[in-house]
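J.: A single structure is presented below for examination.
The values are calculated or read from the model by the stated rules, or taken from the named source; none is laboratory data. Small disclaimer: the values here were computed from a predicted structure and weren't measured. Cβ placement follows ideal geometry from the backbone for every residue including glycine, while neighbour counts extend to all protein chains displayed. Note: accessible area is taken over every heavy atom of the protein model, side chains too, but ligands, DNA and RNA are not part of it. Shrake-Rupley method; radii C 1.70, N 1.55, O 1.52, S 1.80 Å.
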Amino acid sequence: MDILNDLVFIAATLGLTGLICALAHACDKLGGAS
Amino acid sequence: MHTDALLLLAAFMAVVTVLAWPLGRVLAAVGDGKPVPGLGWLAPLERLCYRVAGIDPAQGMGWKSYTLALMLFSGLGALLVYAVQRLQGFLPFNPQQLGAVAPDSAFNTALSFVTNTNWQGYSGEQTMSYFSQMVALAGQNFLSAATGIAVVFALVRALAARSSRSVGNFWADLVRSTVYVLLPLSVVLAVFLAGQGVIQNFAPYQQAALLDPVTYSQPKLGPDGQPLKDAAGNPVTEALTATTQTIAMGPVASQEAIKMLGTNGGGFFNANSAHPYENPTALANFVQMVAIFLIPAALCFAFGRMVGDARQGWAVFAAMAILFVAMTVVALWAEGQAHPGLQALGVDQAASSLQAGGNMEGKETRFGIAASGLFAAVTTAASCGAVNAMHDSLMPLGGLVPLALMQFGEVVFGGVGSGLYGMLVFALLGVFIAGLMIGRTPEYLGKKIQAFDMKMVSLAILVTPTLVLAGTALAVSSEAGIAGIANPGAHGFSEILYALTSAANNNGSAFAGLSANTPFYNVLLGMAIWLGRFAMIVPVLALAGSLAAKPRLATTSGTMPTHGPLFVTLLIGAVLLVGVLNYVPALALGPVAEHLQLFSVK
């Protein structure tokens, strides 16, 4: 059960990191800052 | 308000200013990649870091590469902190044989320390082994602070640059900030604090026999761990007698130093800087407050040097100082008031040779009203989050001050790096508003502020209010959120608002009174912490990329000066305007409503 929890929270951390990278990509697409 | 409170505030600001000025020179050299005056002997350590990590510090990065490096570093850091907490039972330096931290708490703590928030849902001495404290938490105290400094260096270099595609090298900024600023200052402060009585050892916790056994009552828990209630719904209590006290030990001084200097704030002990082993004397308390403001204040002066005009740094410093002093005076005045509820019971709350006078609930008698009120303002103006008094016990308007200081976006000195880059975002907003008013294209330090820049400014400014207000709304409208409240009504609302405000603005201080170590709050606050840090850093770095690429225009007679009183007023106005527009309704439901209720007591 704890291993499952660990996997969920590790995935959440990676997902949140990916979300920020996606935001950076979206900001770049807005243009002007490359 | 007593004169001693104002004298303490004046002495504090004077010492911060005097120490920050020379440190600004060091920070400017660090940010510009130049030899650091007086610290050249640390250059071999810097080179060793590059060699071990395979870094070419001279290689410039565009803003996207800089952001990706930062996110890679932070994401891996979070996973490492999570792993250490979950595996601490198998790791060394664990004399109390503490087991693995619960997964939701470990998740929250990992995100919290990597983002320089240091919100703590757990009790340090009951949860974390010495290894976890030293390697995972104190390690991130250094690295998260260095990350904040790196981001502000990128933005300041962009303002100083002339048509550059690079905003600097993230790894070099990280290494240089750590080696030349955070490490030396921490060593000096740790030795000083140890001299004052802060402990530094690896001993197991001590058992002391009480001279007088203490009998107390506590809620009786059922098999499910929840408090039992009788037929009338009142909690069932049981009487217990304590004959011994466990005294927690640990390597505190080394963690305490960077906790303050890095505006981290995560205490070794649950009581944080109210604990005598973290903050033993009035002098240690004063020095800890100075340490919190030291680097954020010095970065203002470094900014002036790096853009080639020291007056620019003074202007930003002045705006921060004016906001801070004004808010602190309100807090000191509010805490100096007698509590009307106690007054109605005839309790003597007047200042005398036996007591500080005013609201002493939740305060250390060692520090009294002035040093506690000032500490509360300092720790929330800077995004530190250490506490030497319980903010839940502040008077309603005294509690409003820390809330508002955080809600301004942690730009009143703010976190190391994050305070200055936040304030520079407000500076761009200020010149944009001024440009609209006088019909000119807004400029800051010779850089034209255009549509893309304002989109990034808007994004950076709106991220945290969105997280705070949406998160608070979610918590107060859900059963899991309401279950954590200790005090119903306006004060309970303030407890939730404070938690979300502290998390999303990366402060980390707790109002207390809110049971936040639950899966609901650990996940909600963890997400607010992460997005509040990095969803703001991304537009700031995008802004840096945009500004770096622009030419730096020469100053003309039509250029609005950004170093005088007019600009300082404009900057303060921009911070206040955004803060008021975002948060007044929420503050009215919390501390303002509580103040009106409290002072209606007859």
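J.: Using only the alpha-carbon atoms of segment B:547-602 as identical scatterers, what base-10 log of I(q)/I(0) does the Debye formula give at q = 0.17, 0.20, 0.26 Å⁻¹?
T.: -0.77, -0.88, -1.00
J.: Also: For segment B:480-537, count the residues as N, evaluate 2.2 N^0.38 Å, and divide the Cα radius of gyration by that value, please.
T.: On the way: Rg = 11.2 Å, N = 58, 2.2 N^0.38 = 10.3 Å.
So segment B:480-537 has a normalised radius of gyration of 1.09.
J.: To continue, here is another question. How big is the charge dipole of the protein assembly as shown about its Cα centre, in debye rounded to the nearest 20, if each Lys and Arg gets +1 on its Cβ and each Asp and Glu gets -1 on its Cβ?
T.: 2320 debye
J.: So what's the projected area for segment B:489-602, the Cα convex hull averaged over all directions, in nm²?
T.: Its Cα hull, projected and averaged over all orientations, spans 11.1 nm².
J.: What's the local net charge at B:Y521, with K and R +1, D and E -1, over the other residues with C-beta under 12 Å away?
T.: Surrounding charge for B:Y521 is -2.
J.: Across segment B:508-525, in residue order, what do the Karplus-derived ³J(HN,Hα) couplings come to in whole Hz, using 6.51 cos²θ - 1.76 cosθ + 1.60 with θ = phi - 60° and x for Gly and Pro?
T.: Values, residue by residue: x, 6, 10, 5, 6, x, 9, 7, 9, 8, 10, x, 4, 6, 4, 6, 4, 5 Hz.
J.: Then there's this: Over 15 Å apart: what share of the alpha carbon pairs of segment B:33-74 falls there, rounded to a whole percent?
T.: On the way: 489 of 861 pairs.
In whole percent, the share of Cα-Cα pairs in segment B:33-74 beyond 15 Å is 57.
J.: Considering the zone a paramagnetic label at B:R25 would reach in this model (a point 7 Å from Cα along the Cα-to-Cβ line), which residues of segment B:183-212 have amide N under 12 Å from it?
T.: none
J.: Same structure, new question: May I ask you to compute the full-extension gain from B:A83 to B:L436, defined as 0.36 nm times their residue separation minus their alpha-carbon distance, rounded to one decimal in nm?
T.: 122.0 nm
J.: How many Å² of accessible area per residue for segment B:1-53, probe 1.4 Å? Display every interim value, and only then the final one.
T.: Details: 3010 Å² over 53 residues.
On a per-residue basis, segment B:1-53 sits at 57 Å².
J.: Taking the Cα centre of segment B:1-107 as the origin, how large is its charge dipole in debye, to the nearest 20, when only Lys and Arg (+1) and Asp and Glu (-1) carry charge on their Cβ atoms?
T.: With Lys and Arg at +1 and Asp and Glu at -1, about 280 debye.
J.: To continue, here is another question. Over the alpha carbons of segment B:263-322, what is the largest minus smallest coordinate on each principal axis, giving the biggest first in Å?
T.: That gives 44, 19, 16 Å along the principal axes, largest extent first.
J.: Please quote Rg/Rh for segment B:1-102 to two decimal places, taking the Kirkwood radius as Rh and restricting both calculations to Cα atoms.
T.: 1.15
J.: How much of the accessible area of segment B:136-225, in percent, comes from carbon and sulfur atoms when a 1.4 Å probe is used?
T.: Solvent-exposed carbon and sulfur of segment B:136-225 make up 63 percent of the total.
J.: Over 5 Å intervals from 0, what percent of Cα-Cα pairs in segment B:391-548 sits in each interval?
T.: Distribution as computed: 2, 9, 18, 19, 16, 12, 10, 7, 5, 3, 1 percent.
J.: Any idea which of B:S509, B:A490, B:T466 is furthest toward the positive side of the dipole for segment B:428-544, if Lys and Arg beta-carbons carry +1 and Asp and Glu beta-carbons -1?
T.: B:T466
J.: While we're here: Return the inverse of the average 1/r over all pairs of distinct C-alpha atoms in segment B:416-506, which is the Kirkwood hydrodynamic radius, in Å to one decimal. Mind showing how you got there, number by number?
T.: Details: mean 1/r = 0.0648 Å⁻¹.
This gives a value of 15.4 Å.
J.: Based on Cβ point charges of +1 for Lys and Arg and -1 for Asp and Glu, what charge dipole magnitude is obtained for segment B:253-403 about its Cα centre, in debye rounded to the nearest 20?
T.: Dipole magnitude for segment B:253-403 comes out near 380 debye.
J.: For segment B:539-579, what are the per-bin percents of Cα-Cα distances with bins 10 Å wide, up to the bin holding the maximum?
T.: Bin by bin from 0 Å, the calculated values are 23, 29, 46, 2.
J.: Still on this structure, please answer the following. Applying the Karplus parametrisation 6.51 cos²θ - 1.76 cosθ + 1.60 with θ = phi - 60° to the phi angles of segment B:453-469, what ³J(HN,Hα) value in whole Hz is obtained for each residue in order, glycine and proline being reported as x?
T.: Result, ordered by residue: 4, 5, 5, 5, 4, 4, 4, 4, 6, 8, 4, 6, x, 4, 5, 5, 6 Hz.
J.: For chain B, with the dipole built from +1 on Lys and Arg beta-carbon atoms and -1 on Asp and Glu ones, taken about the Cα centre, which of B:N94, B:A344, B:V584 lies farthest toward the positive end?
T.: B:V584
J.: Counting Lys and Arg as +1 and Asp and Glu as -1, what is the net charge of the other residues whose Cβ lies under 13 Å from the Cβ of B:L228?
T.: Computed value for this residue: -1.
J.: Right, here's the next one. Run the paramagnetic zone check for B:E361: 7 angstrom along Cα to Cβ, then residues of segment B:401-416 with backbone nitrogen under 19 Å.
T.: B:401-403
J.: Could you give me the ³J(HN,Hα) list for segment B:290-302, computed from phi with Karplus coefficients 6.51, -1.76, 1.60 and θ = phi - 60°, whole Hz, x at Gly and Pro?
T.: For segment B:290-302, the Karplus-derived couplings read 4, 4, 5, 7, 4, 6, x, 5, 5, 5, 4, 5, 4 Hz, x marking Gly and Pro.
J.: Now for a different question. What percentage of all Cα-Cα pairs in the protein assembly as shown are separated by more than 48 Å?
T.: For the protein assembly as shown, the share of Cα pairs beyond 48 Å comes to 11 percent.
J.: Something else now. Within segment B:142-176, find all residues whose amide N lies under 17 Å from a label point positioned 7 Å from the Cα of B:V188 along Cα-to-beta-carbon.
T.: The answer is none.
J.: Before I look further, what does segment B:218-300 give for accessible area per residue, probe 1.4 Å, in whole square angstrom?
T.: 38 Å²
J.: Now a separate question. To the nearest 500 deg cm²/dmol, what mean residue ellipticity at 222 nm is calculated for chain B from DSSP H runs of n ≥ 4 alone, each contributing -39,500 (n - 2.57), summed and divided by the residues?
T.: Value at 222 nm, helices only: -19000 deg cm²/dmol.
J.: Just how many pairs of Lys in chain B have C-alpha atoms closer than 17 Å, counting pairs that are eight or more places apart or on different chains?
T.: For chain B, qualifying lysine pairs total 7.
J.: Roughly how large, in nm² to one decimal, is the mean projection of the convex hull of the alpha-carbon atoms in segment B:312-355?
T.: 4.2 nm²
J.: To one decimal place, what Kirkwood hydrodynamic radius in Å is obtained for segment B:145-212 from all pairs of distinct Cα atoms?
T.: Answer for segment B:145-212: a Kirkwood hydrodynamic radius of 15.6 Å.
J.: In nanometres, what is the gap between the two model label sites at B:M454 and B:W41, each 7 Å from Cα along Cα-to-Cβ?
T.: Going from the B:M454 label point to the B:W41 one covers 5.3 nm.
J.: While we're looking at this one, here's another question. For segment B:190-349, what is the Kirkwood hydrodynamic radius in Å, using each pair of distinct C-alpha atoms?
T.: 20.6 Å
J.: Suppose the chain between B:A231 and B:D348 were pulled fully straight at 0.36 nm per residue; how much longer would it get relative to their current alpha carbon spacing?
T.: Numbers: separation 117, 0.36 × 117 = 42.12 nm, distance 3.86 nm.
Here the answer is 38.3 nm.
J.: Work out the FRET efficiency for B:S515 and B:T559 from their Cβ-Cβ distance, taking R0 = 51 Å, and round it to the nearest 0.05.
T.: According to the calculation, E is roughly 0.40.
J.: For segment B:202-337, what's the relative contact order in percent, using C-alpha pairs closer than 8 Å and at least 6 residues apart? Each step should come with its number before you reach the end.
T.: Values: 128 pairs, mean separation 22.8, N = 136.
Value for segment B:202-337: 17 percent.
J.: Next question, about the same structure. Could you work out Rg/(2.2 N^0.38 Å) for chain B, with Rg from alpha carbons only?
T.: Computed over Cα atoms of chain B, the ratio equals 0.95.
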